[in-house]
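To start, the structure itself, in structure tokens.
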Amino acid sequence: MVGLLVVGLLLVHFAGRNEKRVSQDEAVAIARPHIDFTPNGHQVRFIRRGIPSHGFWVVTFYIRKPAGDYKRVTVVLVDATNGKVTEVRRTA
């Protein structure tokens, strides 16, 4: 029983090791058409989601107010393997 548990954990761990075929710069270019404003900055982070885990680029575009907080933010989730946009979240 313990052996099956170990094998299962190893499969989950190593089966989720998909490669990043989409670069960080490509993810920004893919995400840009999904925003409806001209940002004054952006951030990019790599995350893993799911079991087995799958890699995504989280591209955040924003407009910052003079006081330092954000006036507008759009977050675009780009699949790091195939470049498909899987989620877009907008704030006013």
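The values are calculated or read from the model by the stated rules, or taken from the named source; none is laboratory data. Since the model is a prediction, treat every value here as computed from it, not as a measurement. With ideal geometry, Cβ positions are generated from the backbone for all residues, glycine too; neighbour counts draw on all protein chains shown.
Condition (residue is assigned to a strand (DSSP E or B), in contact (Cβ under 8 Å) with a residue 12 or more places away in the chain and more than 12 Å from the chain's Cα centre (by Cα)) applied to segment 44-60: is it met by at least one residue? Break it down into steps so the answer makes sense when it comes.
Filtering segment 44-60 down to residues assigned to a strand (DSSP E or B) leaves 44-49, 54-60.
Going one step further and asking which of them are in contact (Cβ under 8 Å) with a residue 12 or more places away in the chain, we end up with 44-46, 48, 54-60.
Still in the running and more than 12 Å from the chain's Cα centre (by Cα): none.
Among the residues of segment 44-60, not one is assigned to a strand (DSSP E or B), in contact (Cβ under 8 Å) with a residue 12 or more places away in the chain and more than 12 Å from the chain's Cα centre (by Cα), which makes the answer no.
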Please determine, by comparing only the residues of segment 66-92 that are modelled with pLDDT of 95 or more and of a type in the set (A, V, I, L, M), which one is farthest from SER23 (Cα to Cα). VAL73
Would you check if there is a residue in segment 33-43 being on the phi < 0 side of the Ramachandran plot, among the β-branched types (Val, Ile, Thr), more than 13 Å from the chain's Cα centre (by Cα) and at pLDDT below 70? no
Which ones in segment 40-92 are surrounded by 15 or more Cβ atoms within 10 Å (Cβ to Cβ), of a type in the set (D, E, K, R) and under 20 Å from ASP25 (Cβ atoms)? ASP79
Matching residues in segment 50-69 (in contact with a strand residue (DSSP E or B) (Cβ under 6 Å, 6 or more places away or on another chain) and over 18 Å from ARG32 (Cα atoms)) number 2
Considering only residues that are over 18 Å from ARG89 (Cβ atoms) and charged (D, E, K, R), which ones fall in segment 25-76? ASP25, GLU26, ARG48, LYS65
